[in-house]
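Enquirer: Let me give you the structure first, and then I'll get to my questions.
Read the figures in this text as sums done on the coordinates, not as results from a lab. Keep in mind that what you see is a predicted model, and the values were worked out from it rather than measured. Reconstructed Cβ throughout: ideal geometry from the backbone, glycine too, with neighbour counts over all protein chains shown.
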Amino acid sequence: MSAERKAQRAVHELSICQGIVEVAGLALADLPRPMPRLSTVTVRIGRLTGIVPESLRYYFDLLTPDTPLAGAALVIEEVPIRGRCADCAADFTIDTLVFTCPACGSGFVELLSGRELHVVSLDTAEEVLCGS
Amino acid sequence: MEVSVLRNVLGANDLIAAENRKEFDAHGCFVVNLMSAPGSGKTAILERTLRALDGRLRAGVIEGDVLGTLDADRLAPLGVPVVQINTDPHFGAECHLDARMIRNALCELKLDGLDLVFIENVGNLVCPAEFQVGEDRKVMVLSVAEGDDKPLKYPLMFRVSHLLLLNKIDLLGHVDFDLARFRANVARVNPGLPVIELSAKTGQGLDAWTRWLATETAAAKRRTPCGVI
């Protein structure tokens, strides 16, 4: 992590992590049957969000002890930035932060992925018998 | 046992932003979310802009800062309604304005009779890009002193913005900023992004910016009375 990004750790990932804890807590409360001892919370984070996974995990461990998510680990699925050219319909991955079409050079590119900030699943270490 | 719960982390914020937008639309207000790094000249641009508009468009301002009322104090002599938001009380000095803070500010800012609302975000090129507040347009400011490489370092901010104000162009020649290289970098990240070069200090380029505001405000007014967007 660059010095510049480390200095910003105090800001960006904190507010996003607060959102994750809030949303995951609400999702947990909404489950039709209680989920004992959460083991993991899985989130999907697009690369264009600029989130540093290491910082997100740091805040998750800091924010969760006194919440229903206590003890859970944060699993981060990173989503690449993908685009589709509006002119030639080519699909491509954007990993150099150049948003022009590599096939025809067009600048009209629709983003297919890369801005995700989603809580996708909750997992418990214990097997819960279905239908019991 | 794994349970799928797919939820957007910013979903709650986006819902409040949509409510804010409805309220702005109901009053026929065009809303600009002004974003930049600290020190790019957002407040200086606002001072100069509000003077130039001189009541032709009736404007209000929501000022966001981590602490203090320095910016609101600067705008006070201009006789426009200004509401200051301090993000400090919101958990650990927030680095951006979110929709809920704007919702609260709307209790203080009377929208009746306003054509235009500027929301001056907290100085930061990262977080504000992610949070909708109910704005019509996101306008970012970059000053030439910050360097021509910034589009490649903060691509999301340059992607989400509808207009870029390149400020402090009176310093071109004094700082290491290559205008052609900058435009090429902008084109790599967001080729459709319009750029207005200006100087809040000398007033150069301000006309293009106030014309943009007048055109966009008129367009917003046309679509709001019936709620047709």
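Enquirer: Roughly how crowded by other chains is peptide A:116-124, in terms of the mean Cβ count from those chains within 10 Å of each of its Cβ atoms?
Expert: Working: counts 2, 6, 7, 6, 5, 5, 5, 3, 3.
Neighbouring Cβ atoms belonging to other protein chains average 5 per residue here.
Enquirer: Let me ask something else. With a ≥ b ≥ c taken as the square roots of the eigenvalues of the C-alpha gyration tensor of the protein assembly as shown, please select rounded if a/c is under 1.5 and otherwise prolate if a/b is larger than b/c or oblate if it is not?
Expert: On the way: a/c = 1.86, a/b = 1.47, b/c = 1.26.
Prolate, because a/c is 1.5 or more and a/b exceeds b/c.
Enquirer: Within 14 Å, Cβ to Cβ, of B:Ala17, how many net charges do the neighbouring residues add up to if Lys/Arg are +1 and Asp/Glu are -1? List each step's numbers first, then the result.
Expert: Details: positive: B:Arg21, B:Lys22, B:Arg100, B:Arg103, B:Arg137, B:Lys138; negative: B:Asp14, B:Glu19, B:Glu23, B:Asp25, B:Asp98, B:Glu130, B:Glu135, B:Asp136.
Neighbourhood net charge equals -2.
Enquirer: If you count the DSSP beta bridges with both ends in the protein assembly as shown, what percent of them are antiparallel, to the nearest 5?
Expert: On the way: 19 of 55 bridges.
Within the protein assembly as shown, antiparallel bridges account for around 35 percent of the total.
Enquirer: So, one more: Based on alpha-carbon positions alone, could you give the equivalent ellipsoid semi-axes of chain A from the gyration tensor, as √(5λ), descending, whole Å? Mind showing how you got there, number by number?
Expert: On the way: eigenvalues 235, 81, 20 Å².
For chain A, the ellipsoid semi-axes come out as 34, 20, 10 Å.
Enquirer: Continuing with this model, one more query. Highest mean first, how do B:57-64, A:46-53 rank when packing is the count of other Cβ atoms within 10 Å averaged over residues? Show your work: numbers first, answer last.
Expert: Working: B:57-64: 22.8, A:46-53: 20.2.
My ranking of the peptides, most packed first, is B:57-64, A:46-53.
Enquirer: Ok, one more. To the nearest 500 deg cm²/dmol, what mean residue ellipticity at 222 nm is calculated for the protein assembly as shown from DSSP H runs of n ≥ 4 alone, each contributing -39,500 (n - 2.57), summed and divided by the residues? If you can, show how the numbers build up before the last one.
Expert: On the way: 11 runs with 116 residues, N = 361.
Taken over the protein assembly as shown, the calculation gives -9500 deg cm²/dmol.
Enquirer: By count of other Cβ within 10 Å, fewest leading, how are B:Arg103, B:Arg21 ordered? Numbers along the way, then the final one.
Expert: Numbers: B:Arg103 16, B:Arg21 20.
Lowest count first: B:Arg103, B:Arg21.
Enquirer: Work out from phi, with θ = phi - 60° and the Karplus expression 6.51 cos²θ - 1.76 cosθ + 1.60, the ³J(HN,Hα) of each residue of the range B:5-21, listed in order in whole Hz, and give x for Gly and Pro.
Expert: Ordered by residue, 3J(HN,Hα) equals 9, 1, 9, 7, 4, 9, x, 5, 4, 5, 5, 5, 4, 5, 5, 4, 4 Hz.
Enquirer: Still on this model: When you look at the Cβ of every residue in B:94-100, what mean number of other chain Cβ atoms sits within 10 Å?
Expert: Values: counts 4, 6, 3, 0, 2, 0, 0.
Per residue, the number of nearby Cβ atoms from other chains is 2 on average.
Enquirer: R0 = 51 Å: FRET efficiency of A:Glu126 with B:Leu111, Cβ-based, nearest 0.05?
Expert: Values: r = 53 Å, r/R0 = 1.04.
E between A:Glu126 and B:Leu111, to the nearest 0.05, is 0.45.
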